[in-house]
Amino acid sequence: AGTVIHAVAASMWAAGWRVVLLTSMPPAEESAYLREQRSAGVTEQQLVMVSLRDLSPDGRPGDAFCSKALQWAEGAERLYERLPYDVIEFFEYAAPAALLLARRYHHPLRTLPASVKVVVRIHGSLEWI
């Protein structure tokens with residue numbers, strides 16, 4: 001998935017778009033990736049990286065998948081508060097996009113505005129359907 005995300009992000013910043021990556025990688029990997037992009041000439045105007053762990057706590061009690069989905073949904077909402085965006089692309093493994101959309105439906109004043117497009121990348125064999 002990281003290779004696909006990088007390819008899409010690189011094509012977007014090359015076309016003049018500002019790309020904000022909400023990441024969930026170990027800190028050393030995040031730093032290495034950002035250093036690699038900066039050394040390749042990608043500027044701060046083209047690429048901003050924000051760590052999910054800085055926006056939403058991890059390790060909540062209960063089911064690990066539900067906990068991680070909630071962390072991603074909250075992270076996306078808090079990222080919007082810091083750096084408003086027009087579109088967010090989500091993987092759908094473990095349902096973080098579904099939870100984000102449910103939160104937006106049930107709590108429209110406390111989550112992403114309806115104008116923000118949520119694009120969902122279907123995971124695995126569901127792509128074949």
Q.
For the stretch 1-58, what does the relative contact order come out to in percent, with C-alpha contacts under 8 Å and a separation of six or more?
A. 43 percent
Q: State the percentage of accessible surface on the stretch 25-121 attributable to carbon and sulfur atoms; use a 1.4 Å probe and exclude ligands, DNA and RNA.
A: 59 percent
Q. What nm distance separates the two modelled labels at residue 36 and residue 102, each placed 7 Å from Cα along Cα→Cβ?
A. 3.5 nm
Q | Extension gain (nm, one decimal) between residue 7 and residue 118, 0.36 nm per residue minus Cα-Cα | A | 38.0 nm
Q.
At 37 °C and a viscosity of 0.692 mPa s, what translational diffusion coefficient does Stokes-Einstein give for the stretch 1-95, taking Rh as the Kirkwood radius over Cα pairs? Give it in µm²/s as a whole number.
A. 230 µm²/s
(Q) What translational diffusion coefficient, to the nearest whole µm²/s, does the stretch 1-40 have by Stokes-Einstein, given a Kirkwood radius computed over alpha-carbon pairs, a temperature of 37 °C and 0.692 mPa s viscosity? (A) 303 µm²/s
Q: Highest first, please rank the peptides 39-49, 76-86 by the mean number of other Cβ atoms sitting within 10 Å of their residues.
A: 76-86, 39-49
Q | Extension reserve of the residue 25-residue 109 stretch, reckoned as 0.36 nm per residue once the Cα distance is removed | A | 27.2 nm
Q) Got the relative contact order for the chain handy, in percent, Cα pairs under 8 Å and 6 or more residues apart? A) 19 percent
Q.
Need one number: nm distance between label points at residue 81 and residue 44, each 7 Å from Cα along Cα→Cβ, rounded to one decimal.
A. 2.3 nm
Q. What is the calculated FRET efficiency for residue 89 to residue 64, with r their C-beta to C-beta distance and R₀ = 30 Å, to the nearest 0.05?
A. 0.85
Q) Under a 1.4 Å probe, what is the accessible area of the chain per residue, stated in Å²? A) 64 Å²
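The values are calculated or read from the model by the stated rules, or taken from the named source; none is laboratory data. Since the model is a prediction, treat every value here as computed from it, not as a measurement. A quick note on method: Cβ atoms are made from the backbone with ideal geometry, for glycine too, and the neighbour counts reach across all protein chains shown. Surface accessibility is based on the protein's heavy atoms, side chains included, excluding ligands, DNA and RNA. Shrake-Rupley method; radii C 1.70, N 1.55, O 1.52, S 1.80 Å.
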